[in-house]
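S.K.: Structure in structure tokens, see below.
The values are calculated or read from the model by the stated rules, or taken from the named source; none is laboratory data. Worth saying up front: this structure is predicted, and the values here are computed from it rather than measured. Quick reminder, even Gly has a Cβ in these numbers, built from the backbone with ideal geometry, and neighbours come from all protein chains shown. Heads up: the accessible areas ignore ligands, DNA and RNA and are worked out on the full protein's heavy atoms, side chains in. Shrake-Rupley method; radii C 1.70, N 1.55, O 1.52, S 1.80 Å.
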Amino acid sequence: QLQLVESGGGLVQPGGSLRLSCAASGFTLDDYAIGWFRQAPGKEREGVSCISKLGGSTNYANSVKGRFTISRDNAKKTVYLQMDSLKPEDTAVYYCAADASGTYYCSFYVRHDYWGQGTQVTVSS
């Protein structure tokens, strides 16, 4: 059974930080690029960041550039999203997803094969 599980969400004040984790089971993590997505109430799902299979290439949505950092530890089968300078508009359910095609690059515009259940991030004073 191939599975991704997100954790690390919670309630944080504007300007604060959270570190999300995406833990893989049932498959070898370095066979997949990993993307982070989010969906806020009343809005469509949005790509946030992604990282290639070996971590050599990353992409970020313009809305999070300079504030979020994606990284991966394939030995630990975990991908991280460090979220700094959080804003209320970052409030959403955050999902990680796996893409088998992203060997030397990544894109959150391509089809992802496996998805986690999501973790809630709420930024509020």
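S.K.: What accessible surface, in Å², does a 1.4 Å probe find on E44, ignoring ligands, DNA and RNA and rounding to the nearest 10?
M.R.: Surface open to solvent at E44 totals about 150 Å².
S.K.: Enter the per residue convex hull volume of segment 59-125, computed from alpha-carbon coordinates, in Å³ rounded to the nearest integer.
M.R.: Looking at segment 59-125, the number lands at 112 Å³ per residue.
S.K.: May I ask for the net charge around S101, where only other residues with Cβ less than 10 Å from the Cβ of S101 are counted and Lys, Arg are +1 while Asp, Glu are -1?
M.R.: With Lys, Arg at +1 and Asp, Glu at -1, the net is 0.
S.K.: Bin width 5 Å, origin at 0, all Cα-Cα pairs of the chain: what percent of pairs per bin?
M.R.: The percentages, shortest bin first, are 2, 13, 24, 26, 19, 10, 5, 1, 0.
S.K.: Further question on the same structure: Tell me the per residue accessible area of the chain using a 1.4 Å probe; a whole number in Å² is fine.
M.R.: For the chain, the solvent-accessible area averages 50 Å² per residue.
S.K.: Let me ask something additional. With only alpha-carbon atoms counted, please give the Rg and Dmax of segment 1-53, in Å.
M.R.: Using the Cα atoms of segment 1-53, the pair Rg, Dmax is 13.3, 38 Å.
S.K.: Now for a separate question. Taking all protein chains as present, what is the carbon and sulfur share of the accessible area of the chain, in % to the nearest whole number, probe 1.4 Å?
M.R.: Carbon and sulfur: 46 percent of the exposed surface of the chain.
S.K.: Sticking with this structure for a sec: Order these peptides, 90-99, 76-85, by their mean beta-carbon neighbour count within 10 angstrom, highest first.
M.R.: 90-99, 76-85
S.K.: Sequence gap at least 6, Cα distance under 8 Å: using those rules, report the relative contact order of segment 47-125 to the nearest whole percent.
M.R.: The value is 33 percent.
S.K.: Run the dipole for the chain about the Cα centre, Lys and Arg Cβ at +1, Asp and Glu Cβ at -1, nothing else charged, and hand back the magnitude in debye, nearest 20.
M.R.: Here the chain has a charge dipole of around 140 debye.
S.K.: Take each of the peptides 52-60, 5-13, average the number of other beta-carbon atoms within 10 Å over its residues, and list them starting from the highest.
M.R.: Put in order of decreasing packing, that is 52-60, 5-13.
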